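The structure appears below as structure tokens.
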Amino acid sequence: MRGAGDRAGTGVGDGILVVDKPAGWTSHDVVGRCRRLLSTRRVGHAGTLDPAATGVLVLGANRGTKFLTHLVAHDKEYTATVRLGVATLTDDAEGEPLTDPVDATGVDPDALARAVAALTGPIQQVPSSVSAIKVDGRRSYARVRGGQEVDLPARPVTVSRFDVLARRPEGPYLDLDVVVAVSSGTYVRALARDLGRALHVGGHLTALRRTRSGPFTLAEALTLEEVEAQPRVEPLAAVARRLFPVRDVDDREADNLAHGGFLTATGVDGPVGAFAPDGTLLALVQDTPRGAKPLLVLAPAG
């Protein structure tokens, strides 16, 4: 039985690759480069990074692309620099200033601590208007750059960590080096904007580096040069053991799964990796009222 870690007949096979995205590259640029390096067209990513941002970008190759749906929702961690003293159109350094600079070097530490605390935990966040969110079928950033005003609704996100590591005066500005851990869908640019707004000085993001996406960290991320030197992916069986609870199935259950059948309930809330007696990853399953339904079958019949 061919499992999810076996070669798919092209490139490196099925798996997950963690790339340290360089500055100036779009996430799509990285995908395109890795398609060539891994010798397969079937490459996708789990969670876009802005071109100026760097760090962890999780890619799926071949049948690994089918795993990406289960990776997008993971929480993420970043190091960043917030510049207080001016707001910008894009909430980052790429955008035009919306106001004249304000001297922010004298921001009171206690006021800063209160503003950071108010942006920590479950919050309602208005996404950056220059974002990929669609408004009536068109990307918000396209509408803004076309001269339209866009008012995006606030949505619930969770900021589980927001720590200020250092304060650095830069002319009239105050740069803050921060670490944030956030739920999927949180805009760190919007945190910078809202922090500056709360302190009445304006703010935007000047640097962003993703250090973690779910369990994937910078420690395992490869530069594009390293991928070129040794193209490789982490097999899906190993990834599944990192991400999901494991259920071992017997030969009869394995055959049932291969044909898209149900298993008895796992009793687990969320996806479970179903493994054959020989260690092959057969499928991801999830409990329903009828039993454990296959979400993704990786070792189909035949």
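Here, each number is a calculation from the coordinates, and none is a lab measurement. Source: prediction; values computed, not measured. Cβ coordinates were reconstructed from backbone atoms using ideal geometry, including for glycine residues, and neighbour counts include every protein chain displayed.
Post the alpha-carbon centroid distance, region 44-107 to region 222-263, in whole angstrom.
Using only Cα atoms to place each centre, the spacing works out to 29 Å.
Please give the peptides 225-236, 12-23 ranked by average Cβ packing (other Cβ atoms within 10 Å per residue), highest first, as a rough proxy for protection.
Working: 225-236: 16.7, 12-23: 22.2.
Listed from highest to lowest mean packing, they are 12-23, 225-236.
Between Thr217 and Thr99, what length comes free when the chain is fully extended (0.36 nm per residue of separation minus the Cα-Cα distance, one decimal in nm)? Spell out each step's value before the answer.
On the way: separation 118, 0.36 × 118 = 42.48 nm, distance 3.72 nm.
Once the chain is fully extended between Thr217 and Thr99, it gains 38.8 nm.
Just from the alpha-carbon atoms, what are the Rg and Dmax of region 244-297 in angstroms?
According to the Cα coordinates of region 244-297, Rg and Dmax are 9.6, 29 Å.
In a shell of Cβ-Cβ distance under 14 Å around Arg168, excluding Arg168 itself, what net charge do Lys and Arg (+1) and Asp and Glu (-1) give?
On the way: positive: Arg83, Arg167; negative: Glu170, Asp175, Asp177.
In short, -1.
In the neighborhood of Phe244, defined by Cβ-to-Cβ distances under 15 Å, what is the net charge if each Lys or Arg adds +1 and each Asp or Glu adds -1?
Values: positive: Lys66, Arg241, Arg242, Arg247, Lys293; negative: Glu234, Asp248, Asp269, Asp287.
Computed value for this residue: +1.
Would you calculate, for the chain, the mean residue ellipticity at 222 nm contributed by helices, counting each DSSP H stretch of 4 or more residues as -39,500 (n - 2.57) and dividing by all residues, to the nearest 500?
Value at 222 nm, helices only: -5500 deg cm²/dmol.
For a test of understanding, tell me how many lysine pairs in the chain have Cα atoms under 24 Å apart, given they are 8 or more places apart or on different chains.
Details: Lys21/Lys66; Lys21/Lys76; Lys66/Lys76; Lys66/Lys134; Lys66/Lys293; Lys76/Lys134.
Counting lysine pairs in the chain gives 6.
Averaging over every viewing direction, what projected area does the convex hull of the Cα atoms of the chain cover, in nm²?
Numbers: hull surface 72.0 nm².
Taking the Cα atoms of the chain, their convex hull projects to 18.0 nm² on average.
List the residues whose amide H sits under 5 Å from the amide H of Gly55, counting only those 5 or more places along or on another chain, with H placed 1.01 Å from N in the peptide plane.
Lys21, Arg210
Would you mind calculating the gained length between Ala166 and Val179 on full extension (0.36 nm times residue separation, minus the Cα-Cα distance), in nm to one decimal?
Working: separation 13, 0.36 × 13 = 4.68 nm, distance 1.02 nm.
This chain segment gains 3.7 nm when fully extended.
When you count, for each residue, the other Cβ atoms within 10 Å and take the mean per peptide, how do 48-58, 277-287, 257-267, 159-169 rank with the highest first?
Numbers: 48-58: 21.5, 277-287: 20.0, 257-267: 15.4, 159-169: 13.6.
Those peptides, ordered most packed to least, come out 48-58, 277-287, 257-267, 159-169.
Mind ranking 202-209, 186-193 by how tightly packed they are, going by the mean number of other C-beta atoms within 10 angstrom, highest first? Each step should come with its number before you reach the end.
Values: 202-209: 23.6, 186-193: 25.1.
With the highest mean Cβ count within 10 Å placed first, the list reads 186-193, 202-209.
Which far-off residues, 5 or more places away or on another chain, put their amide H under 5 Å from the one on Ala207, with H placed in the peptide plane?
Amide H neighbours of Ala207: Thr81.
Once phi is turned into ³J(HN,Hα) by the Karplus curve 6.51 cos²θ - 1.76 cosθ + 1.60 with θ = phi - 60°, what whole-Hz value does each residue of region 94-111 show in order, with x for glycine and proline?
Along region 94-111, the couplings run 6, x, 6, x, 8, 9, 5, x, 10, 5, 10, 5, x, 3, 5, x, 5, 5 Hz.
Can you list the residues, at least 5 places off or on another chain, whose amide H is less than 5 Å from the amide H of Ser128, using H built in the peptide plane?
Placed amide hydrogens put Ala190 under 5 Å from Ser128.
Work through the residues other than Leu222 whose Cβ is under 14 Å from its Cβ and net out their charges, Lys, Arg +1 and Asp, Glu -1.
Working: positive: Lys21, Arg33, Arg232; negative: Asp20, Glu220, Glu225, Glu226, Glu228, Glu234.
Local net charge: -3.
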